[in-house]
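Engineer: My structure is below; once you've seen it, I'll send some questions.
What follows is calculated from the coordinates using simple rules that are stated; it is not laboratory data. The model shown is predicted, which means the values in this text are computed figures rather than measured ones. Note that we place each Cβ from the backbone using ideal geometry, even for glycine, and neighbour counts take in every protein chain shown.
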Amino acid sequence: MEVVIAPAEQLAVLAADAIESLVRSNPATVLGLATGSSPLKVYDELARRHEQERLSFARVRAFMLDEYVGLAADHPERYRNVIDTEIASRVDLGPGAVQGPDGLADDLPAACAAYEAAIADAGGVDLQILGIGTDGHIAFNEPGSSLASRTRIKTLTRQTRLDNARFFDDDVDRVPTHCLTQGLGTIMDARHLVLLATGPHKAEAVHQLVEGPISAMWPATVMQMHPHATVLVDDAAASRL
Ligand code: GLP
């Protein structure tokens, strides 16, 4: 695992560099996209490079990590819509190029299985962007998640719902209770994992991720077993290393 400590703007540039070099060498790269605030500066940087440096995503395909269950198709916090707003609509990703788990499917387990099959059909994810929850979750793999898990339905913890209430008018009761998420095993299949974390509230999770024992109670620790994992953190998030 490689750990880089730098200011947030520089971390975003490093993540964008890794994505750019992949896309320039293979225009049909498969990216893994994450929601949350952590990747936003990376998406800004990719949009800038698309506009100013002709970085094209026309042949790129992308898979999202997770999705809330039951949020209406036009709900602004539906992850599908967040990804469209934050990145897909700002670059030249083709129509249908971004896929996510279908949190509105009638048969949720079937939707999870179909999603796994779609990722496999695309040849797997080349580079997966990740954030980390304060409780050490990646995607929505909450503490206690099997380290070998695949895409499935999960119940969100109270802590995650409180953390995410800021996107729902600070009202925790409006935050969905369930989600569909790639499993830790699914995420570990990606060929390069790039995790971003900034701010003092992430320090404990980053400490566990980098230095803790591998444990389902701190799901991100599974990344210690990945052959190519990059952890990009600012000083505050690195303060317990
Ligand atoms: C949510 C997302 C995760 C994300 C985490 C951290 O729970 N499902 O993918 O990593 O939040 O969010 P943030 O980057 O806003 O701190």
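Engineer: Evaluate the relative contact order of the range 2-233 (contact order divided by residue number), counting alpha-carbon pairs under 8 angstrom at least 6 apart; express in whole percent.
Structural biologist: Across the range 2-233, relative contact order equals 24 percent.
Engineer: Placing unit charges on C-beta atoms (Lys and Arg positive, Asp and Glu negative, everything else neutral), compute the dipole magnitude of the chain about its Cα centre in debye, rounded to 20.
Structural biologist: So the dipole magnitude of the chain works out to roughly 360 debye.
Engineer: Going by amide H atoms built from the backbone, whose H comes under 5 Å of the H on Ser215, apart from near neighbours?
Structural biologist: Close amide H contacts, sequence-distant or interchain: Thr221, Val222.
Engineer: State the antiparallel share, in %, of DSSP beta bridges confined to the chain, rounding to the nearest 5.
Structural biologist: 30
Engineer: Enter the Cα centre distance for the pair the range 226-241 and the range 55-133, rounded to the nearest angstrom.
Structural biologist: 25
Engineer: Run a plain Debye calculation on the range 2-233 (Cα atoms as equal point scatterers, no solvent) and give log10 I(q)/I(0) at q = 0.11, 0.12, 0.16 Å⁻¹, rounded to two decimals, same order as the q list.
Structural biologist: For the range 2-233, the Cα-only Debye profile gives -0.50, -0.61, -1.16.
Engineer: Now for a different question. Ordered by residue, what ³J(HN,Hα) values in Hz, to whole numbers, does the range 168-184 give under the Karplus form 6.51 cos²θ - 1.76 cosθ + 1.60, where θ = phi - 60° and Gly and Pro are x?
Structural biologist: 10, 6, 6, 10, 4, 5, 8, 6, x, 8, 10, 8, 10, 9, 3, x, 5
Engineer: Could you go through the range 76-92 in sequence order and give the Karplus-derived ³J(HN,Hα) for each residue, using 6.51 cos²θ - 1.76 cosθ + 1.60 with θ = phi - 60°, rounded to whole Hz, and x for Gly and Pro?
Structural biologist: x, 8, 4, 4, 3, 6, 4, 5, 4, 5, 7, 9, 4, 6, 9, 10, 9
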